[in-house]
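Trainee: Below are the structure tokens for one structure; questions will follow.
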Amino acid sequence: MRTKQIISSLSFSYKSVWGVSRIGLTVILTTKIILGFLPLLSVWLFENLFDSILAAVKENAFSIEIMLYLAGLAGTVFFAFAFNKFTDIVRSILIYKFEVKMKGKLFNSAKDISYINYEDPRFQNSFLRAFTGQKNIISVVDSSTTIIQTTISLISVLIYLINISKYFLILLFVMVIPLIFIETKYGKQRFNLSKGLVERGRKENYFESLLIRRESLKEIRINNLENFFILKWQTSYIKNAKEKIKLDIKQTKWLFLANLLLFISFIGSGTYVYYLMVNGLLTIGALAAVLQAIQRLQGIVPSFTGSLSNFYEYTLHVREFINFLPPINKCIEEKETINSLESIEATNLTFYYPDKLEPSLDNLNLSIKKGKKTAIIGGNGAGKTTLVKCLTGLYDTNDMIKINTEYDISKIIKKSYWDKISVLFQDFNKYDLTVKENIGMTNLDKLENKEAIAKYMKYTGLHTYVEKLPLKYNSVLGRLFNGGQELSGGQWQKLAIARALFKEGDILFLDEPTSALDPESELFVIENLFEVIGDLGVVYITHRINVAMLADEIILMENGRIIEQGSHERLVKQRGRYFELYNKQIEQLKKRRGGVSVG
């Protein structure tokens, strides 16, 4: 890693922490600087204590200086403890504030990243590394302040020793250089290892979640799959652990040799100090102080080199975080804000997923208008959901979709567009929140408007059920929290439909909105839905032709292409693929004498 990048990561980290708490950072820096001088103070007090004791013994007299120096030594221990604990408290407060701000910054930055990136596992790895990186911003500051502290200690103690003999400078190099080389080398290797293990770590977390999540456990237990997934988790975990341990062992071997040098240098320096004393160049007090100074160096040097290694590793993680933050090159003035949504038109729409050679959508042409009901049907893998994601602006489409006949969707501020559409995806979210919040979150200005919320719940047929709950619309849903009320699959889907309607967008997108409902509930919901929406535009995906028949226009898709397009009557007259599906519906109707379901 280049020095420029290290400085960039360091500067970014300090600016980020400074922006959260100037006082906190100042306190930490100040206490670290003070702590850096304590070893020298301790050595000086130690030397004077010994000299005072020897003088008192020689004169056979009580010396107040001895008590003062003892108090000074005890004071350095006490103040070191007090400063460290105080710094820990300040650091904890700083971390809480910092995490709130930086995670918020990361989430806000992620809003500007195209949704298609989330379909790419490499992006997910990068996103996870960025989260690790933001946690290490504080660690960069921690390790750098420790480096400041240990550097002050090293230099001050070394100056004390050099005043006695210049040969102690050689001692420092013998202690420091091997450790710096080893710690820096393995700091980079630890970073590379952690970077390489991100994918496996996500797998570990996935297998863990399968074994503890309520939603997945029912199928796992019924099929006796616990041992299968436990083995998968263990295999991944052990493989990761072995690689980490292997690196730790390699590093420990080299650190053992480096610390052996420390031991030898301590013996050598002790012998040299004894030589100086024998030749009358050192007093007994100076001898004791020098030995303590050398012993202090044995603790300071590993702390210094370890902090240096951690600092280097943390700056690499911070670089991942910085690289993830996308440059916001958007000029809001160059983008349009729409106040209403009248139409969405796709022209020769073609779309590829990352790393896919074949298009998921191939040369599609269609027009969605306010007040028009459009049904999209087709088998699995036909491209229906991908089309909706393109039409809703989640996927970038390179000038192939126009809004209100004049604006390219990429030239519109997405928020203004999303404010004008309502969307219900097939894999809709089930929020473990109150009923009111589950509905009202799409239109927060009306969150407290119980009448408006109840209005849409009545349309979906859930109002009566909710009124019977202990806290009615303030009842928490799901089983994640105490007192939560679980809903059936169909009830969750009705709730999601109400949430989409409550947003009151100009065009409503529904991805198989009634797939979890029985035929009777389906007809009830769809009929009420079309009554509610009035002149809104509706685009809905369905496998059921009896639902598609209600639309003004039906789009039949197959392998990413539109193979037939028109009203129900027109498509029946064409006697093509849609006609075949319609005839199957008639046959099923005759057999079942009830609800009709195709697909």
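Trainee: Nothing charged except the Cβ atoms of Lys and Arg (+1) and of Asp and Glu (-1): what's the magnitude of the dipole of the range 432-504 about its Cα centre? Round to the nearest 20 debye.
Mentor: Computed charge dipole of the range 432-504: roughly 180 debye.
Trainee: Read through the labelled values (1) 62.9; (2) 34.4; (3) 38.3 and report the label of the one computed as mean projected area of the Cα convex hull in nm² from the structure.
Mentor: Answer by label: (3).
Trainee: Obtain the nm distance between the two label points defined at L471 and F131 by a simple spin-label model: each point lies 7 Å from its Cα along the Cα-to-C-beta direction.
Mentor: 2.7 nm
Trainee: Related question: So how do 421-427, 577-583 stack up, highest first, on mean other-Cβ count within 10 Å?
Mentor: Ranking the peptides 421-427, 577-583 by packing returns 421-427, 577-583.
Trainee: Which percent, nearest 5, of DSSP beta bridges in the chain are antiparallel?
Mentor: Here the antiparallel bridges make up roughly 45 percent for the chain.
Trainee: Also, quick follow-up: What is the distance in Å between the Cα centroid of the range 51-126 and that of the range 524-560?
Mentor: If you average the Cα positions of each part, the centres end up 62 Å apart.
Trainee: Which residue, L308, Y237, L49, has the largest displacement toward the positive end of the dipole of the range 3-323 when charges sit on each Cβ (Lys, Arg +1; Asp, Glu -1)?
Mentor: Highest projection toward the positive end goes to Y237.
Trainee: Which net charge results when you count Lys and Arg as +1 and Asp and Glu as -1 among the other residues whose beta-carbon is under 15 Å from that of E558?
Mentor: It works out to a net charge of -1.
Trainee: Sticking with this one: Given a Förster distance of 41 Å, report the FRET efficiency between T26 and I162 from their Cβ-Cβ distance, rounded to the nearest 0.05.
Mentor: Between T26 and I162 the formula returns 0.80.
Trainee: Which pairs break 26 Å Cα to Cα here: K373/K472; K232/K384; K356/K389?
Mentor: K373/K472; K232/K384
Trainee: Work out the charge dipole of the chain with +1 on the Cβ of Lys and Arg and -1 on the Cβ of Asp and Glu about the Cα centre, then indicate which of A551, I368, L433 is farthest towards its positive end.
Mentor: L433
Trainee: With each pseudo-label sitting 7 Å past Cα toward Cβ, what's the R213-F37 distance in nm, one decimal?
Mentor: In this crude label model, R213 to F37 measures out at 5.7 nm.
Trainee: Just to verify a number: FRET efficiency for R122 and E451, C-beta to C-beta distance, R0 = 60 Å, to 0.05?
Mentor: Once the sixth-power term is evaluated, E becomes 0.80.
Trainee: Please report the spacing between the Cα centers of the range 235-256 and the range 425-487 in Å, no decimals.
Mentor: Rounded to whole Å, the Cα centres lie 50 Å apart.
Trainee: Suppose every Lys and Arg Cβ carries +1 and every Asp and Glu Cβ carries -1, with no other charges. What dipole size does the chain come out with about its Cα centre, to the nearest 20 debye?
Mentor: Value, rounded to 20: 900 debye.
Trainee: Got a sec? Charge dipole of the chain, +1 on Cβ for Lys and Arg, -1 for Asp and Glu; which of V20, N404, Y274 is way out at the positive end?
Mentor: Highest projection toward the positive end goes to Y274.
Trainee: Between K411 and K253, what is the FRET efficiency for a Förster distance of 41 Å, r being their Cβ-Cβ separation, to the nearest 0.05?
Mentor: Rounded to the nearest 0.05, the efficiency is 0.10.
Trainee: Okay, next question. Show which lysines lie in cross-link reach of K253 when reach means a straight Cα distance below 22 angstrom and same-chain residues fewer than eight apart are skipped.
Mentor: Excluding near neighbours in sequence, the set is K185, K188, K239, K242, K244.
Trainee: Of the peptides 464-471, 33-40, how do they stack up when ordered by the mean number of other Cβ atoms within 10 Å, highest first?
Mentor: 33-40, 464-471
Trainee: OK, next. If we count every other residue with Cβ under 13 angstrom of R22's Cβ, Lys/Arg +1 and Asp/Glu -1, where does the sum land?
Mentor: Residues close to R22 contribute a combined charge of +2.
Trainee: What is the sum of charges around K450, taking Lys and Arg as +1, Asp and Glu as -1, for the other residues whose C-beta is under 10 Å from the C-beta of K450?
Mentor: +2
Trainee: Another question, then. How large is the dipole of the range 3-323 about the Cα centre if only Lys and Arg carry +1 and Asp and Glu carry -1, each at its Cβ, rounded to the nearest 20 debye?
Mentor: Dipole magnitude for the range 3-323 comes out near 1260 debye.
Trainee: Another one. Using only the Cα atoms of the range 348-415, build the gyration tensor, take square roots of its eigenvalues as a ≥ b ≥ c, and label the shape rounded, prolate or oblate: rounded if a/c is under 1.5, else prolate if a/b is larger than b/c, else oblate.
Mentor: In terms of gyration-tensor shape, oblate.
Trainee: Where does each of 151-158, 42-49 land if you order them by average Cβ count within 10 Å, highest first?
Mentor: 42-49, 151-158
Trainee: Something else about it: At 222 nm, what helix-only mean residue ellipticity would the chain give, in deg cm²/dmol to the nearest 500, using -39500 (n - 2.57) for each DSSP H run of four or more?
Mentor: -22000 deg cm²/dmol
Trainee: Expressed in nm to one decimal, what extension gain is obtained for the pair L68 and N108 from 0.36 nm per residue of sequence separation less their Cα-Cα distance?
Mentor: So the chain would gain 8.6 nm between L68 and N108.
Trainee: Could you grab the relative contact order for the chain? Cα pairs under 8 Å, six or more apart, rounded to a whole percent.
Mentor: Here the relative contact order equals 15 percent.
Any read-out appearing in this document is the output of simple, stated calculations on the displayed coordinates, not a laboratory observation. Being a predicted model, the structure only gives us computed values, none of them experimental. Note that we place each Cβ from the backbone using ideal geometry, even for glycine, and neighbour counts take in every protein chain shown.
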